[in-house]
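One structure is given below, encoded as structure tokens.
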Amino acid sequence: MTGTAPPVPRVVIVDDQALVRTGFRMILTADGIDVVADAADGEQAVAAVRRTRPDVVLMDIRMPGTDGLEATRRILAHEATPPRIVILTTYDLDRYVYAALSAGASGFLLKDVTPEHLTAAVRLVRSGDALLAPTITRRLVERFATAGERTTPLHRDLGTLTPRELEILEALARGLSNAELAARFRLSEATVKTHVARVLSKLGLRDRAQAVIAAYETGLITPGTR
């Protein structure tokens, strides 16, 4: 008995450089991913999302006019079922990326990403997971979480979490994968996923990327600690 194949991801590409949009479209299309629209700035991006209802948006952060950060905020705030947004950047440590993650973006990619990584990233976020390299994201958060860069702070009440959920959040924010969480707490991966889902639900977070930021901004973890 064969399982049902997952639906083909529907993607909008947003970048002010036509060459980047064309290259990404070719890579994604060759791997069977449906590029439903592209856009050259934030205004076009908001309109394209409203028109096509994609699953994933690849969003350049620095563009003339309405930039990717403002477009991300508008899409996530006003769409009833918003897409997953992945930030495209030429910098691996960028205050704009941090602000976008705080606003609800599901991760970020450097523009020199390999074709294999690009297509895998789209499918990963389409499945509902966050796209973040834990060590890079932790460095990003440690650089900006206490440096006055909180343009969209995640003020959350950790008192709603159980002691085990607090432990899960702290370990998650230090970059542990589900498999590593399961090994540390001697739980099954299914149980870990349940704990993570409850943490996100109780704190009103979209995914693990926001959970990392929330752990720092609430003081559960302080920059530089291990």
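Listed by first and then second residue, the pairs with beta-carbon distance under 6 Å, at least 6 apart or on different chains, first residue in region 153-180 and farther than 11 Å from H195 by Cα, second among the basic types (K, R) and at pLDDT 80 or above, are T160/K202. Can you spot a residue in region 215-223 that is more than 16 Å from the chain's Cα centre (by Cα), of a type in the set (A, V, I, L, M, F, W, C), closer than 25 Å to A99 by Cα and not in a helix (DSSP H, G or I)? Yes: one or more hits. State all residues of region 89-127 that are free of Cβ contacts under 8 Å to residues at least 60 places away in the same chain, farther than 19 Å from V11 by Cβ and part of a helix (DSSP H, G or I); if no residue qualifies, say none. Selection gives R95, Y96, V97, A99, A103.
Conditions tested, residue by residue: (1) in contact (Cβ under 8 Å) with a residue 40 or more places away in the chain; (2) open to solvent by less than 20 Å² (accessible area, probe 1.4 Å); (3) among the hydrophobic types (A, V, I, L, M, F, W, C).
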| site | (1), (2), (3) |
| --- | --- |
| V12 | yes, yes, yes |
| D15 | yes, yes, no |
| L19 | no, no, yes |
| I27 | yes, no, yes |
| D31 | yes, no, no |
| D34 | no, no, no |
| R53 | yes, no, no |
| P64 | yes, no, no |
| V86 | yes, yes, yes |
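Checking T151, T135, T72 one by one, the residue that is at pLDDT below 80, surrounded by 15 or more Cβ atoms within 10 Å (Cβ to Cβ) and among the polar types (S, T, N, Q) is T151 and no other. For region 184-203, a tally of residues being over 16 Å from R174 (Cα atoms), in a helix (DSSP H, G or I) and more than 20 Å from the chain's Cα centre (by Cα) returns 3.
The values are calculated or read from the model by the stated rules, or taken from the named source; none is laboratory data. Just so it is clear, the structure is predicted and the values come from calculations on it, not from any experiment. Because the Cβ atoms are built from the backbone with ideal geometry, glycine has one as well, and the counts that use them run over all protein chains shown. Calculation scope for accessible area: heavy atoms of the full protein, side chains included, ligands and nucleic acids excluded. Shrake-Rupley method; radii C 1.70, N 1.55, O 1.52, S 1.80 Å.
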